[in-house]
1. Test M45 against the criterion of being closer than 22 Å to E235 by Cβ and within 17 Å of the chain's Cα centre (by Cα), and give yes or no.
2. Out of curiosity, is R134 in contact with a Cys (Cβ under 6 Å, 6 or more places away or on another chain) and either modelled with pLDDT of 95 or more or under 20 Å from R229 (Cβ atoms) (or both)?
3. Please determine whether any residue of the stretch 129-140 is polar (S, T, N, Q) and surrounded by 17 or more Cβ atoms within 10 Å (Cβ to Cβ).
4. For the stretch 215-234, does any single residue satisfy the condition of being in contact with a helix residue (DSSP H, G or I) (Cβ under 9 Å, 6 or more places away or on another chain), surrounded by 14 or more Cβ atoms within 10 Å (Cβ to Cβ), more than 23 Å from H87 (Cα to Cα) and at pLDDT below 95?
5. Being open to solvent by 40 Å² or more (accessible area, probe 1.4 Å) and in contact with a Leu (Cβ under 8 Å, 6 or more places away or on another chain) is the filter here, so list the residues in the stretch 31-53 that pass it.
6. Taking the stretch 83-104, which residues are open to solvent by 80 Å² or more (accessible area, probe 1.4 Å) and at pLDDT below 80?
7. Can you tell me how many residues in the stretch 153-188 are in contact with a helix residue (DSSP H, G or I) (Cβ under 7 Å, 6 or more places away or on another chain), surrounded by fewer than 24 Cβ atoms within 10 Å (Cβ to Cβ) and modelled with pLDDT of 90 or more?
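The values are calculated or read from the model by the stated rules, or taken from the named source; none is laboratory data. Quick caveat, the model's predicted, so the values are computed rather than measured. Reconstructed Cβ throughout: ideal geometry from the backbone, glycine too, with neighbour counts over all protein chains shown. When the accessible area is computed, the model is the full protein with side chains, heavy atoms only, and any ligands, DNA or RNA have been set aside. Shrake-Rupley method; radii C 1.70, N 1.55, O 1.52, S 1.80 Å.
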Amino acid sequence: MKSPREGEGAEEPPDQQPTDEHIRLKVPVIQQMYHWDCGLACSRMVLQYLNQLSEAEFQMALQELHLSKSIWTIDLAYLMWHFGVKHRLCTRTLGVDKGYKNQSFYRKHFDTEENRVNQLFAQAKASGVLVEKRTVTVQDLQQHLAQGHIAIVLVNAVLLLCDLCSSPVKYCCFLPIGQKCFCRSPDYQGHFVVLCGYNKSTESIFYNNPAYADRTCSTSIRNFEDARRSYGTDEDILFIYVDS
């Protein structure tokens, strides 16, 4: 597969070529349809970036993997495996952190999801799903992006702030236009984004937020680190490789 840094796959500001100091990959932006399907929207972005997105096949995969309204990062790893996409899930916890039961974001589905998610982790190696217990540095991410690869990152949307958007997205209101939101501000709101670039000179990170359909967002490395390392994320990062 042709590297997105070569020719049509790389989106660059005028007169600026991709270097180790700066890269911005042309990852398509796909908006989520509901408040719960940000991870699926990110998966669609990945598959379209790899020229592997067929909506009919995608819907069949969701049925075969029994994916519903509670999507964990390990679910997305299995989804990538299903499509033969080279991947690696890095996380601090191989399974479910029991402390999440006390968080409002996880509380509703925790009892029904704990065993299911733990079983997915236990069966990952035998199933061909690559999972590694380790933390990831910004330098690791930059090196990954510099090779034309991308990643799905779990962040705390309460903390993630885009420097380019005129007004911040309402983190609890990833809803279709016209639907009302009556939620209160939680301490943690899990949300998936697709990492697609960086600029070392400005210490910026570029990412696609599935809450939007028309933009690539940017934030400082410091803000990005706060959002992805927040308690509740397990520092989950699903690395995606273009040579799938």
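1. Working: closer than 22 Å to E235 by Cβ: yes; within 17 Å of the chain's Cα centre (by Cα): yes.
Answer is yes for this residue.
2. On the way: in contact with a Cys (Cβ under 6 Å, 6 or more places away or on another chain): yes; either modelled with pLDDT of 95 or more or under 20 Å from R229 (Cβ atoms) (or both): yes.
It is true that R134 is in contact with a Cys (Cβ under 6 Å, 6 or more places away or on another chain) and either modelled with pLDDT of 95 or more or under 20 Å from R229 (Cβ atoms) (or both).
3. Initial filter on the stretch 129-140 (polar (S, T, N, Q)): 135, 137, 139.
Narrowing further to those that are surrounded by 17 or more Cβ atoms within 10 Å (Cβ to Cβ): none.
No, the stretch 129-140 contains no residue that is polar (S, T, N, Q) and surrounded by 17 or more Cβ atoms within 10 Å (Cβ to Cβ).
4. no
5. Step one: list which residues in the stretch 31-53 are open to solvent by 40 Å² or more (accessible area, probe 1.4 Å), which gives 31, 33-36, 48, 51-53.
Of everything in the stretch 31-53, those that are open to solvent by 40 Å² or more (accessible area, probe 1.4 Å) and in contact with a Leu (Cβ under 8 Å, 6 or more places away or on another chain) turn out to be Y34, H35, L53.
6. Passing the criteria: K101, N102.
7. Applying the first criterion (in contact with a helix residue (DSSP H, G or I) (Cβ under 7 Å, 6 or more places away or on another chain)) to the stretch 153-188 yields 153-156, 159-161, 174, 186, 188.
Remaining after also requiring surrounded by fewer than 24 Cβ atoms within 10 Å (Cβ to Cβ): 156, 159, 161, 186, 188.
Filter again for modelled with pLDDT of 90 or more, leaving 156, 159, 161.
Total satisfying the criteria: 3.
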